[in-house]
Amino acid sequence: MSASPRRRHAAPPPQLSLDLGTDDAPVPPAHPRDGPDRTAALAQYRRRARFYDLELMVFEPIRRIAIGLLGLRPGDVVLDLGCGTGLSLARLRAAVGERGRVIGVEQCPEMIAQARARVQAAGWRNVTLICAPVESARIPVRADAALFHFTHDVLRRDDAIDNVLTHLRPGATVVASGLKWAPLWAVPVNVFVLNAALYSVTSLAGLDAPWSRLASRLVGLEVRPMLAGGVYVARGRRAAQRRDAPTAG
């Protein structure tokens, strides 16, 4: 899959890393068969925050591939949705350079606290962190690319996807990666996927095609199965006809 050309634009001046607030309003839990449960997800990731980086080490090669498929260039603006503890930030920032910008969105305070510590330790002035659910995050830019790395619950929410897409430029690249059901005959792989999913998502709905809600909103979507079919990386582009969000001053 080759990177799609995008219209160049003047990059905004570097900004200090910010935490743009948090949204902890209670939300009625959804039945697991109906879709993701935000309250359960928040509790789940609060429990996992301390050991999250170690848990994700096995999937680091997938992260590298996903970030590479974004096709980022110096001066680009990229969104990292469900950024967790900030494991993708260093690679994303290296790709966009000093003139670019990285926006990380994460709803779990314990996770984003670790991401904030990474940013401060590295002195990155062009990385902004937003502590809020993706569906209600006030994203202050229109971006050239968006990354959904192992964010199954987010990808099963239409409101989350639509909020992201309205803050992407026409033709922007979207890359998603994560767990998926392998073919039925791959029983050991599916046992692994099931165990991992029960530990990291609040709904198993859509694991046969986690990218399906992106497919109806993006053009040129391509899906690459990996790790014997138990993981995928998908890439597509924002359609030019979508209504744009207002440009931040």
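The values are calculated or read from the model by the stated rules, or taken from the named source; none is laboratory data. Worth saying up front: this structure is predicted, and the values here are computed from it rather than measured. Positions of Cβ are backbone-derived with ideal geometry, glycine not excepted, and every protein chain shown enters the neighbour counts.
Restricting to the stretch 145-165, count the residues that are touching a Lys or Arg at 6+ places or on another chain (Cβ under 7 Å) and farther than 17 Å from SER88 by Cβ. Total meeting the criteria: 4. Consider the stretch 197-223 and keep the residues that are out of contact with any strand residue (DSSP E or B) (no Cβ under 9 Å at 6 or more places or on another chain) and surrounded by 18 or more Cβ atoms within 10 Å (Cβ to Cβ). The one that is nearest to ARG157 (Cα to Cα) is ARG213.
Within the stretch 79-107, being touching a Cys at 6+ places or on another chain (Cβ under 8 Å) and farther than 23 Å from THR166 by Cα holds for no residue.
Among the candidates ARG99, ARG125, the residue that is more than 16 Å from the chain's Cα centre (by Cα), outside any helix (DSSP H, G or I) and within 26 Å of ILE65 (Cβ to Cβ) is uniquely ARG99.
Looking only at residues in the stretch 227-249 that are within 26 Å of PRO61 (Cβ to Cβ) and either acidic (Asp, Glu) or at pLDDT below 95 (or both), the one that is surrounded by the fewest Cβ atoms within 10 Å (Cβ to Cβ) is ALA228. Residues that are surrounded by fewer than 20 Cβ atoms within 10 Å (Cβ to Cβ) and aliphatic (A, V, I, L, M) within the stretch 139-164 comprise just one, VAL141. Of the residues making up the stretch 57-90, those that are in a helix (DSSP H, G or I) and either surrounded by fewer than 20 Cβ atoms within 10 Å (Cβ to Cβ) or modelled with pLDDT under 95 (or both) are MET57, VAL58, PHE59, GLU60, PRO61, ILE62, ARG63, ARG64, ILE65, GLY68, ALA90. The set of residues in the stretch 166-198 being under 18 Å from the mean Cα position of the chain (by Cα), at negative phi and not hydrophobic (A, V, I, L, M, F, W, C) consists of THR166, HIS167, ARG169, THR173, SER177, LYS180.
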